[in-house]
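Undergrad: My questions will all concern the structure given below.
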Amino acid sequence: MKKTCMVTMWAILISLSLSGCGKNVSNSISDSAKAAETTAQAVTEAGKTDLSGHTLSVYCGAGMTKPFQKIADAFKEQTGCELEITFANAGQIQTQINTAKEGDLFIAGSADELKPVSDVVTASKDLVKHIPVLAVKSSNPLKITKLTDLANKDVRLVLGDAKSTPIGKISDKALTDAGVLDKVNVVARTTTAPEIFNALTVDECDAIIVWKENVTDSSVEIVDTEEMQKYIKTVPAASLSYCDDTEALNAFLGFLDSDTSYSIWEDFGYEVIKN
């Protein structure tokens, strides 16, 4: 009888022990596996793997040509992976994605630019802030301090195309909110942000609304106004469903979260969003 009781007690104790710690053991194994997987993925994504022979097709807004090309070159140097990059305005890229039905990644000027291709976007993550600014000639000869000053008939304004570029849409929104869109003297609209900036440097206008990172010349200065703060956007990296090389794509997405990429963006005046 005693033997039977002892066996029963041991069974109960073992059962209690397993029920009390089984979850922890399971979680511990699961957590360890996840940690190992994360570490392995981090090593791969940091550009330590050999991707020679792999090629990624990437679309990128033309205004980000210089920093993104440098990032692509750094990734190729570390991994051997080729990046075929199409630099164009948002409208052109959206049309190409929907028409050609190909491509691995879309670096858009803002999340809004993903809507026309949302059916083929499988994932998206923010990279950097896209900050719109009001800019004028150095020393601000026309004393422009706010958006309503652009309604002065002596001010020539160049903006982005409101149908094909994020900065053009933002410009129209900001001027509409300020109540002066129908009063400003818009002498030209361009399809890329660099063209907007160039128009001011060659004296084709007196003021522009452009991305902060495009203001790269001492002949131009940014007007110190908080009006544009509410129009700040973020640049997303959107994975496309047409991608058939997930190994290379995941490695590049990881590389975009590396110190190397962060440093390049910052060197070109962007504010990085660290994931």
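Undergrad: Consider residue 70 against the criteria (1) among the basic types (Lys, Arg); (2) at pLDDT 95 or above; (3) outside the structural domain of residue 90 (by TED's automatic domain parsing): it satisfies all of them except one. Which criterion is unmet?
TA: Looking at each condition in turn, residue 70 falls short on (3).
Undergrad: Condition first: part of a helix (DSSP H, G or I) and basic (Lys, Arg). Now tell me which residues in the stretch 219-275 satisfy that.
TA: Within the stretch 219-275, just 230 meets the criteria.
Undergrad: Report whether or not residue 110 is modelled with pLDDT of 50 or more, closer than 23 Å to residue 165 by Cβ, in contact with a Pro (Cβ under 7 Å, 6 or more places away or on another chain) and of a type in the set (Ser, Thr, Tyr).
TA: Values: modelled with pLDDT of 50 or more: yes; closer than 23 Å to residue 165 by Cβ: yes; in contact with a Pro (Cβ under 7 Å, 6 or more places away or on another chain): yes; of a type in the set (Ser, Thr, Tyr): yes.
Yes, satisfied.
Undergrad: Filter the stretch 197-233 down to residues that are among the small types (Gly, Ala, Ser) and surrounded by fewer than 16 Cβ atoms within 10 Å (Cβ to Cβ), then give me how many there are.
TA: Final tally of qualifying residues: 2.
Undergrad: Inspect the stretch 121-132 for any residue being touching a Lys or Arg at 6+ places or on another chain (Cβ under 9 Å) and basic (Lys, Arg) and give the result as yes or no.
TA: Looking for residues that are touching a Lys or Arg at 6+ places or on another chain (Cβ under 9 Å) and basic (Lys, Arg), one finds at least one in the stretch 121-132, hence yes.
Undergrad: Are there any pairs with C-beta distances below 6 angstrom linking a residue in the stretch 222-237 that is more than 23 Å from residue 126 (Cα to Cα) to a residue that is aromatic (Phe, Trp, Tyr) and at pLDDT 95 or above, with the two at least 6 apart or on different chains, and if so which?
TA: Sorted first by the residue in the stretch 222-237, then by its partner, the list stays empty.
Undergrad: So residue 213 fits all but one of (1) of a type outside the set (Phe, Trp, Tyr); (2) modelled with pLDDT under 95; (3) more than 26 Å from residue 138 (Cβ to Cβ); what number is the exception?
TA: The failed condition is (3).
Undergrad: Considering only the stretch 172-186, how many residues are touching a Lys or Arg at 6+ places or on another chain (Cβ under 9 Å) and part of a helix (DSSP H, G or I)?
TA: Residues flagged as touching a Lys or Arg at 6+ places or on another chain (Cβ under 9 Å) and part of a helix (DSSP H, G or I) within the stretch 172-186 amount to 3.
Undergrad: Read through the list (1) in contact (Cβ under 8 Å) with a residue 60 or more places away in the chain; (2) touching a His at 6+ places or on another chain (Cβ under 8 Å), then give the number of the only condition that residue 80 fails.
TA: (1)
Undergrad: Follow-up question, since we're still on this one. Which of the residues spanning the stretch 60-86 are β-branched (Val, Ile, Thr) and within 21 Å of residue 109 (Cβ to Cβ)?
TA: Kept after step one, since they are β-branched (Val, Ile, Thr), are these residues of the stretch 60-86: 65, 71, 79, 85-86.
If the condition is that a residue be β-branched (Val, Ile, Thr) and within 21 Å of residue 109 (Cβ to Cβ), then 65, 71, 85, 86 are the ones that fit.
Undergrad: In the list 194, 236, which residue meets the criterion of being surrounded by 14 or more Cβ atoms within 10 Å (Cβ to Cβ) and modelled with pLDDT under 95? Reasoning before the result, please.
TA: Working: 236 fails: modelled with pLDDT under 95.
Exactly one of 194, 236 is surrounded by 14 or more Cβ atoms within 10 Å (Cβ to Cβ) and modelled with pLDDT under 95, namely 194.
Undergrad: While we're looking at this one, here's another question. Which of the residues spanning the stretch 142-171 are free of Cβ contacts under 8 Å to residues at least 40 places away in the same chain, assigned to a loop (DSSP other than H, G, I, E, B) and in contact with a Gly (Cβ under 8 Å, 6 or more places away or on another chain)? Working first, answer last.
TA: Let us first name the residues in the stretch 142-171 that are free of Cβ contacts under 8 Å to residues at least 40 places away in the same chain, namely 143, 148-149, 151-153, 162, 168, 171.
Still in the running and assigned to a loop (DSSP other than H, G, I, E, B): 143, 152-153, 162.
Matches in the stretch 142-171: 162 only.
Undergrad: Taking only pairs six or more apart or across chains, which ones have beta-carbon atoms under 8 Å, a first residue in the stretch 118-136 that is in contact (Cβ under 8 Å) with a residue 24 or more places away in the chain and closer than 13 Å to residue 242 by Cβ, and a second residue that is crowded, with 23+ Cβ neighbours inside 10 Å and among the aromatic types (Phe, Trp, Tyr)?
TA: What qualifies is 121/106.
The values are calculated or read from the model by the stated rules, or taken from the named source; none is laboratory data. If you're wondering where the values come from, they're calculated on a predicted model, not measured in any experiment. A quick note on method: Cβ atoms are made from the backbone with ideal geometry, for glycine too, and the neighbour counts reach across all protein chains shown.
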